[in-house]
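Only one structure is covered here, and it is reproduced in the block below.
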Amino acid sequence: MATLFQGLGVVTPLSSSNSFDSNKFLLPSRRSLSERKDGIFVVRSDARVSQVMKTGARKHELLIPNAVATKGGSSVASTSKSGHELLLFEALREGLEEEMERDPCVCVMGEDVGHYGGSYKVTKGLATKFGDLRVLDTPIAENSFTGMGIGAAMTGLRPVVEGMNMGFLLLAFNQISNNCGMLHYTSGGQFKIPIVIRGPGGVGRQLGAEHSQRLESYFQSIPGIQMVACSTPYNAKGLMKAAIRSENPVILFEHVLLYNLKEKIPDEEYVLSLEEAEMVRPGEHVTILTYSRMRYHVMQAAKTLVNKGYDPEIIDIRSLKPFDLYTIGNSVKKTHRVLIVEECMRTGGIGASLTAAITENFHDYLDAPIVCLSSQDVPTPYAGTLEEWTVVQPAQIVTAVEQLCQ
Amino acid sequence: MSLSAPKFVQPLSPHHTHRSIGSPMSFHASTPFLGSTHKLRFIAPIKLNPRSPSTVVSVSDVVKDKKRKSTTNLLITKEEGLVLYEDMILGRSFEDMCAQMYYRGKMFGFVHLYNGQEAVSTGFIKLLKKEDSVVSTYRDHVHALSKGVPARAVMSELFGKATGCSRGQGGSMHMFSKEHNLIGGFAFIAEGIPVATGAAFSSKYRREVLKEADCDHVTVAFFGDGTCNNGQFYECLNMAALWKLPIVFVVENNLWAIGMSHLRSTSDPEIWKKGPAFGMPGVHVDGMDVLKVREVAKEAVERARRGEGPTLVECETYRFRGHSLADPDELRDPAEKAHYAGRDPISALKKYMIENKLASEQQLKAIEKKIDEVVEEAVEFADASPHPPRSQLLENVFADPKGFGIGPDGKYRCEDPKFTEGTAHV
């Protein structure tokens, strides 16, 4: 189980890379900014663009008493003059650290999380601060240490289990499916399992087939678990905290290529809702549903689309299981056209489930069949060109929207 | 160390003189099969290098010594003896009743009975405190009873009634009790062992991180010989020994995994030897003798409580019935079954208590009668209990039902009245 993490430290998806047309991406003009109704693009001096999200991600959100997203909530950057900038993996660490300080029962277990600091540095420094038992370096035995996390959760602790790469959690499938998902039910509600299972997944940069897996499609059928995917430092920290505080077992999907995203997040404490989707860009013509890394491909395509005169509404669904049918439904009712852009495989992926859910619930509001862009049903090739073609690219998204809106 | 020809020295304790050492466990001696060429001759301690941190002990010598001493120095007191006897009788009667009820159509699915193995459950669990945890497999009815779960709760669970210990949602293979710290009940073999390791980890965590200085809860994990060829077993032996977790791994080696003989599936069938490979003591004990099991258990549990780490205990035992009530049990040699039937742990304890004047025949009969009534009452209770209502369908899927998500109307789906009725579609 060697992981190729060293090289990834310097790669950011938003900087120049093969799959992006970097020129177009790095220089949004003032004109295009004013065309956007909401949201703010902040261009940094180091030419990295980060997005500050509006609404959907409400700031200062503690545990929400009601479900509905409050529209018109102010954007993060504009109201908080303070706030600090950090990278996504640092945001995850901050969330984790805050929760560990708040509740001594929160502990971390996984391979190389302790002394090594985590293969993606999410747990860096925590072992020195909290000790070797609270940030436990486990042997390479995913099935057993995930099971151990479950047993610990059943007996009062709140473990955060890290899969060094989500793909390794395939070895823990027995424990995740049978024990994590089912024990609360088969014990008649006697034992709760407040565990968080997290790790990086998704297609990286030529990591090879086995390190480029998207496990959300395999886990989505397991009853009794919740799945969320983070995509920005803001929602990464908020979802991490929410997942730890949740009484349910939560699987938090991170993406290998998003760890170095930079964003300014509030200084004040905030916790996001695990079940809600995030409105990234309100629009009128078409609803684009996406999550994790594909959000950025969609945002890039959106710039082209806006230039061509389209007005896409972009929603980061965030909650992969269960789906936030309210936010999604409202959007479908407004635009009547849906495009799903995901990194999962075509067969049986999150997009497939989402298509079914939307058809079931909002069929009457659709003016066109739902289009789902997913990765090809192909083991991710090593060669960069081939890898590029297995994953959805912004150009394909633009074409799909054009076809959908005819 | 030569692995091919184990050096066996002394025979077992004099109690079992009729079991000759020369005869292999497989009674099909003439039929060659693909499997281990080891003959199971469990005997005396192989004393490892004294510098080695782990010791391999065969308890028979220890117990032999104790027994040879004067009869005033017995292994148990009268009260303890009665408790043990009652517990084993409860286990046996309950399982016999289960079989009856199954054939009468009161319970369904896979039911795995524990007849013959009572000494292991009683020997270990009766030493534990209420806060200690027990993790079992699908053969868990008697572990539940020994740990203190009321017979009526277990029987209701088997009948699938709402008053069962898992509200009827678990069934035979998923007995849980938070109150008695019975952490399952698992259907797949070996999947409970990591959970047990986690419970032991919690105990250590409480002591060292949360600074609950008096927390010395021990976890006992029960599983079978088939499980000992599974990766999770070895992974957990490693982790438990590595972190010195307060856990005892108890192998109920009844020699058969459904129809697969232990000898046909295991390259080295002596499971206790696998403990020292991970740095913990491996002990072999006669699992048909509750007193011997209890002596070993005492040592292992105390070791864990003191923080010295895990122990691997292999109990040589036997199940009188098939693997489950659906198993025709045709593969096992009747001679083997007869051999072990002659070593029934309940008869052995009865004999011991009467011979050593710890109890009279009548007292023991009175216990048997009392247990009969308890089991009858449990059946009546289970019969009279209600089936789970529809509204129970969607409860307990999530500890926090917000996990069902937000519906199209903007409200959390769990607020939908159809949820409390159990008619909502999830």
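A compact table of results
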item	result
Whole-Å distance, taken between Cα centres, linking the range B:207-257 and the range B:267-306	11 Å
Estimated vicinal HN-Hα couplings, Hz - the range A:229-241 in sequence order (Karplus 6.51, -1.76, 1.60; Gly, Pro = x)	10, 9, 9, 9, x, 4, 6, 4, 5, x, 6, 4, 5
With eigenvalues of the C-alpha gyration tensor scaled by 5 and rooted, the range A:87-162, Å	18, 15, 10
Candidates per trypsin sites (Lys or Arg not before Pro) in the range B:366-426, loop by DSSP, up to 15 other Cβ within 10 Å	B:K411
Inter-probe distance in nm under a simple model that places probes 7 Å from Cα toward Cβ, at B:A335 and B:H425	6.3 nm
At most 15 other Cβ within 10 Å, DSSP loop - trypsin sites (Lys or Arg not before Pro), the range B:234-337	B:R306
Aspartates and glutamates whose Cα lies under 15 Å from that of B:K147, excluding same-chain neighbours fewer than 8 positions away	B:E86, B:D87, B:E118, B:E131, B:D132, B:E179
Sorted by Cβ density within 10 Å, fewest first, the residues A:K333, B:K351	B:K351, A:K333
At most 14 other Cβ within 10 Å, DSSP loop - GluC sites (Glu not before Pro), the range A:267-359	A:E268, A:E269, A:E284
Share of pairwise Cα separations in the range A:195-352, more than 18 Å, in percent	59 percent
Calculated log₁₀ intensity ratio I(q)/I(0) where the Debye formula runs over C-alpha points of the range A:83-266, q = 0.13, 0.19 Å⁻¹	-0.59, -1.33
Ascending count of other beta-carbon atoms within 10 Å, so fewest first, for B:S202, B:S177, A:S353	A:S353, B:S177, B:S202
Debye-sum result for the range B:267-373 in log10 I(q)/I(0), which assumes one identical scatterer on each alpha carbon, at q = 0.15, 0.20, 0.22 Å⁻¹	-0.91, -1.11, -1.15
Angstrom value of the Kirkwood radius, inverse mean 1/r, which spans all Cα pairs in the range A:278-405	14.5 Å
Cα pair distances in the range B:221-285, grouped into 10 Å bins until the bin that holds the longest one, percent each	21, 57, 20, 2
Size-normalised alpha-carbon gyration radius of the range B:121-265, reference 2.2 N^0.38 Å	1.06
The range B:74-384: C-alpha gyration tensor shape, a/c 1.5 cut-off, then a/b vs b/c	rounded
The range B:289-345 pair-distance distribution - Cα-Cα, 10 Å bins, rounded %	19, 35, 25, 18, 3
Dimensions (Å) - the range B:314-426, Cα atoms, principal axes, largest first	74, 37, 27
Pairs beyond 18 Å (Cα-Cα), from A:K192/B:K204; B:K130/B:K351; B:K350/B:K370; B:K337/B:K369	A:K192/B:K204; B:K130/B:K351; B:K337/B:K369
Tail beyond 16 Å, pair distance distribution of the range A:134-219 (Cα, percent)	53 percent
Length-normalised contact order for the range B:291-426 - Cα pairs under 8 Å, 6+ apart - percent	12 percent
Relative exposure of B:C228, A:C344, A:C405, B:C236, judged by other C-beta atoms within 10 Å (fewest first)	A:C405, B:C228, A:C344, B:C236
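Every number in this text was worked out from the coordinates using simple rules, so none of it is lab data. Predicted model, so just to flag it, every value in this text is computed and none were measured. With ideal geometry, Cβ positions are generated from the backbone for all residues, glycine too; neighbour counts draw on all protein chains shown.
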